[in-house]
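Note sheet for the following structure.
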Amino acid sequence: MDSASGPASELLSQIVEGMVEIIGSAKEVFLKKCCFQELALYLERIVPVLKELNAKDLGSSEGLTNAIEILNREVKAAKRLTADCATRNKVYLLMNSRNITRHLQDISREISRAIGLLPMATLDLSSGIFEDITGLCDEMQRAEFKASVAEEEILERIESGIQERKVDRSYANSLLAQIAETVGISNERFVLKKELEEFKDEIENAKLRKDQAEAIQMDQIIALLERADAASSPKEKERKYFTKRRSLGSQPLEPLQSFYCPITRDVMVDPVETSSGQTFERSAIEKWMAEGNNLCPLTITPLDTSVLRPNKTLRQSIEEWKDRNTMITIATMKSKLESEEEDEVLGCLGQLEDLCLQNDQHREWMVLENYIPVIIQLLSSKNRDVRHNALDILCILAKDSDDAKERVAHANNAIELIVRSLGRRTGERKLAVALLLELSKCNKVKDSIGKVQGCILLLVTMSRSDDSQAAADAKQLLDNLSFSDHNIIQMAKANYFRHFLLRLSTGPDDAKFMMASTLAETELTDHNKASLYDGGVLSPLLHLVSSDDIHMKTVAVKAIRNLSSLPENGRKMIEQGIVRPLLDILFRHGSSSSSNLREQVAVTIMHLARSTVSQEESSPVPVSLLETDEDTFMLFSLVNLTGPAVQQRILQTFQALCHSPSASYIKIKLIESSAVQALVQLCEHENSDVRSNALKLFCYLVKDCETEIIMEHVGKEYIDTLVKIIQKSDDTEEAVSALGIISHLPEEPQIITEWLQDSGALRVIFKFLQDKTKKNDPHKNQLVENAVGAMHRFTLPTNLERQKKAAEIGLIPVLVKLLDSGTTTLTRKYAATCLAQFSQSSFSLSQQLTRHKGMLWCFSAQHDPGCIVHGGICTVESSFCLVEADAIRPLVRVLEDPDFGVCEASLDALLTLIEAERLQCGSKVLAEADAIPSMIRFLSSSTSCPSLQEKALCGLERIFRLPEFKLKYGQSAQMPLVDLTQRGSHHVKSLSARILAHLNVLHDQSSFF
């Protein structure tokens, strides 16, 4: 390389280094990052070319020298620009974004031009690389660097604000917020204030650089932005305001004559100057011209209708005069608000509201004059209009002003008074929620809103109102208050769960614990339980259940317990797989530290079991709690391994399952798992709840147990215990269960009945049938039902002595009474069955009549004709006669019962009256009581009980042997009987044919026989 090329080569190396530096720095700029990165991409493609060029013997040429000079100049400019955009004030850079964009574009094009001047022909480059470089130069020449849409929008708003002299604080606030978002700084007041101060420093530096054009433009921008709240502290604003206000005096000034429009004679708002040099209100002179007037109203000289120049100087003077008078007016009106005259207060409020609506400078002056505390106190006024207007003004003042919001919060009882308005009439309520919503936008204020008692409850109520705007504001306010876990909990207690569910799902562990605790302790309606479940509450709770923290696990289970008490939720929980984790906790957590956890799990499982009871029959696949034999065995085994609280819940779980679709399976598995032995032992348990629930479960199982199993575990001691419970327990439900067990214990062998008799059970049980003190007891009907059922074994005809003892205590009349008064189906059935068993013994116990003999028998006293059915002397106590007990008509009435089992039991009792030689007399008694039509009714096809039909047929077959009854009832029985010969079983067909033969409808030799 010759001596001329030495400096060029060195300069070229510096240029390459500069480009590499720019490429790295482009990532650090605050503004126009995409434009700088676009330039960096171009430079990345240029650097390799320059490096290769520098490695060649370049020689010396004018083109090379010019190219290197341009590159050197533009790279230095790009470095300065990159450094500026990485270090200077962001607002300043934004205000200069158009200049920066143009500068970048110029740099790009100059570099492209310089690359075109390089002696590429001297390089041994392939045609492809040469084409790439040529294409790159073309791209850089055509490249257009533009300000972003957001930057352009801000600059346009600034230009508009300056031109139109917009002095609204709200305009400046929104503009500053938009600037903060665009340049990527916080919207906090102190951050914005610091940024504006730095911006002012940049302007001072521009003045020092004697860049007057830039300084003037920036001063105008500062004047616009200084209207924003962040530009100065409330104290600074207050100081400036009072300094100005004190300089104005205390009396308003009259307008100058020049302020009046010559046409309207009113003070002008938008003064414009015509071609005649005169000034008018714009709307007035435009109307003058539109009406065809071409002469000036004052000078009567011709007008150029196309010329209307805004008189900015006059307009500014008018506005300054208005502002001065308004400032004085606002300063002197406050005392009127404290007047005792409501009309004066309302008038003052109306005037203040009008001033507020004119512009936000008036609003700021009112805030600085400390009107807010005075207006707040008006919210305690008894006058609705005063409160309404006060809220209206407060809403206007608080909008877009953090200073006003903070002053409201600091006023005495302000938030409490506003919240009180939430409970008033619609209009006032809407204004109050709108005001609170605006206040909640200030971080220093919103914390105090949720602390006011009843506030969140009122907001939740409003969020569900028919007024869409009020409801929307209430919901938005609740959203704003959801920053606090305390507020979220209050919302949940008011049955508003949106934020609660979000916090439970995504909050930190301490927040999740707090939410779960709230859910565990809150009293929820069924609707709320369903809403929470549908809102997805189970998933986060299940996640907490899997926690290693025993306290977190416990509170999550308690929350699930609360929700699972709704059957619909319980079934859904089972379907979603909640049973397995709960059973695992119950089976594996046996330490004393986790006893509360196990108790909560046990209650939850009980709720889930109960939910399976109320399934709809239309459900295609019934939900089942326990899916395996092992789960059933292990769960019941815990009855012997846990404390009373868990024992009780496990017993209640199996009680519920014994009424579920899986009842048969559960009962079988319980019996197989030695449940009978365990339940018999628990009958002696010291805890009354455990004992009561053990009795209840055994009551459900006993009728499905085989006699051998019962006799293996039930002895005289257990029977004595049952009788003591019936006799002495204060728990009616416990007595119900004990009576139920007795009623279902096997009647053979009779040793159990003997044990019962020896323990005095007969009289103890009978007392419950006589007891009238439990009329309002919810278990009264079941108590009577089980007591009658237990009496069955004492009325069996195979043991006359027991029957007599039962009759002697007055059982028969009570049974007769229960035929009518028994409120349950089984009560009436059991009563009828017992009477039937008594009646079977009546004929043998009826005392035969003594016949007088001799010649004088006709002179003796008239003899007793005896029982019309049994022929002897009958009494209720001695022969258990149904006729003497007046049981016939009650039994006949029971034949109308919709339950065929009850009808069959009653028919059994009535048919005992026509056995053997009692046919004639018994049939007559049945006829007199209208029993025979009911028997005929049982023959119809609507009777779906075959055994009842057969018994009715048997009875009618005997009765229709007698001509008088055949004649009276035969006709009505013919059609049902003929129908039975066609569709009945073999036995039914035969019986029906035999009766038809009695009725002379069929021949005795018919094939039906």
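See the values below:
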{"item": "Unique match (being touching a residue at least 60 places away in the same chain (Cβ under 8 Å) and open to solvent by less than 10 Å² (accessible area, probe 1.4 Å)) among Ser401, Ser421", "result": "Ser401"}
{"item": "Residue within segment 612-624 that is open to solvent by less than 10 Å² (accessible area, probe 1.4 Å) and part of a helix (DSSP H, G or I) present", "result": "no"}
{"item": "Any hit, segment 329-337, residues being open to solvent by 10 Å² or more (accessible area, probe 1.4 Å) and without any contact (Cβ under 8 Å) to a residue 24 or more places away in the chain", "result": "yes"}
{"item": "Helices (runs of 4 or more DSSP H) (entirely within segment 172-266) containing at least 3 residues that are under 30 Å from Ile100 (Cα atoms) and open to solvent by less than 60 Å² (accessible area, probe 1.4 Å)", "result": "189-208, 212-225"}
{"item": "Filter result (modelled with pLDDT of 85 or more and either crowded, with 18+ Cβ neighbours inside 10 Å or assigned to a loop (DSSP other than H, G, I, E, B) (or both)) within segment 139-171", "result": "Met140, Glu151, Ile154, Ile158"}
{"item": "Selection count, segment 915-947, where residues are surrounded by fewer than 22 Cβ atoms within 10 Å (Cβ to Cβ) and either within 21 Å of Leu980 (Cβ to Cβ) or within 57 Å of the chain's Cα centre (by Cα) (or both)", "result": "12"}
{"item": "Residue identified as among the hydroxyl-bearing types (Ser, Thr, Tyr) and over 23 Å from Gly454 (Cβ atoms) among Ser381, Ser401", "result": "Ser401"}
{"item": "Residues satisfying the stated conditions in segment 11-33, i.e. part of a helix (DSSP H, G or I) and touching a residue at least 40 places away in the same chain (Cβ under 8 Å)", "result": "Leu11, Leu12, Ser13, Gln14, Ile15, Gly18, Met19, Glu21, Ile22, Ser25, Ala26, Glu28"}
{"item": "From the options Ser564, Ser547, residue that is without any contact (Cβ under 8 Å) to a residue 12 or more places away in the chain and hydroxyl-bearing (Ser, Thr, Tyr)", "result": "Ser547"}
{"item": "Which numbered condition Leu431 misses (of (1) crowded, with 17+ Cβ neighbours inside 10 Å; (2) closer than 22 Å to Lys235 by Cβ)", "result": "(2)"}
{"item": "Residue under evaluation Arg245, criteria (1) in contact (Cβ under 8 Å) with a residue 12 or more places away in the chain; (2) over 30 Å from Glu197 (Cβ atoms), criterion not met", "result": "(2)"}
{"item": "Residue in segment 41-77 that is modelled with the highest pLDDT, counting only those that are surrounded by 14 or more Cβ atoms within 10 Å (Cβ to Cβ) and polar (S, T, N, Q)", "result": "Asn72"}
{"item": "Qualifying residue in segment 768-778 (condition: open to solvent by less than 20 Å² (accessible area, probe 1.4 Å), within 17 Å of Tyr830 (Cβ to Cβ) and of a type in the set (S, T, N, Q))", "result": "no"}
{"item": "Lone qualifier among Lys475, Lys493 - being modelled with pLDDT of 95 or more and of a type in the set (Lys, Arg)", "result": "Lys475"}
{"item": "Selection status of Arg802, modelled with pLDDT of 90 or more and open to solvent by less than 50 Å² (accessible area, probe 1.4 Å)", "result": "yes"}
{"item": "Test set (1) closer than 16 Å to Lys572 by Cβ; (2) touching a helix residue (DSSP H, G or I) at 6+ places or on another chain (Cβ under 6 Å) - Gln615 fails condition number", "result": "(2)"}
{"item": "Where Glu344 falls short, out of the listed (1) open to solvent by 30 Å² or more (accessible area, probe 1.4 Å); (2) over 24 Å from Glu238 (Cβ atoms); (3) of a type outside the set (Lys, Arg); (4) in contact with an Asp or Glu (Cβ under 8 Å, 6 or more places away or on another chain)", "result": "(4)"}
{"item": "Some residue of segment 444-460 being open to solvent by less than 40 Å² (accessible area, probe 1.4 Å), among the aliphatic types (A, V, I, L, M), at negative phi and not in a helix (DSSP H, G or I)", "result": "yes"}
{"item": "Qualifying position, being within 60 Å of the chain's Cα centre (by Cα) and at pLDDT 90 or above, among Glu950, Glu964", "result": "Glu950"}
{"item": "Residues of segment 644-681 satisfying the condition of being among the aromatic types (Phe, Trp, Tyr) and in contact (Cβ under 8 Å) with a residue 40 or more places away in the chain", "result": "Phe654"}
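The values are calculated or read from the model by the stated rules, or taken from the named source; none is laboratory data. Please read these numbers as outputs of a predicted model, since none were measured by experiment. Glycine gets a Cβ as well: all are built from the backbone with ideal geometry, and neighbour counts include every protein chain shown. Side chains included, ligands, DNA and RNA excluded: accessible areas come from the protein's heavy atoms. Shrake-Rupley method; radii C 1.70, N 1.55, O 1.52, S 1.80 Å.
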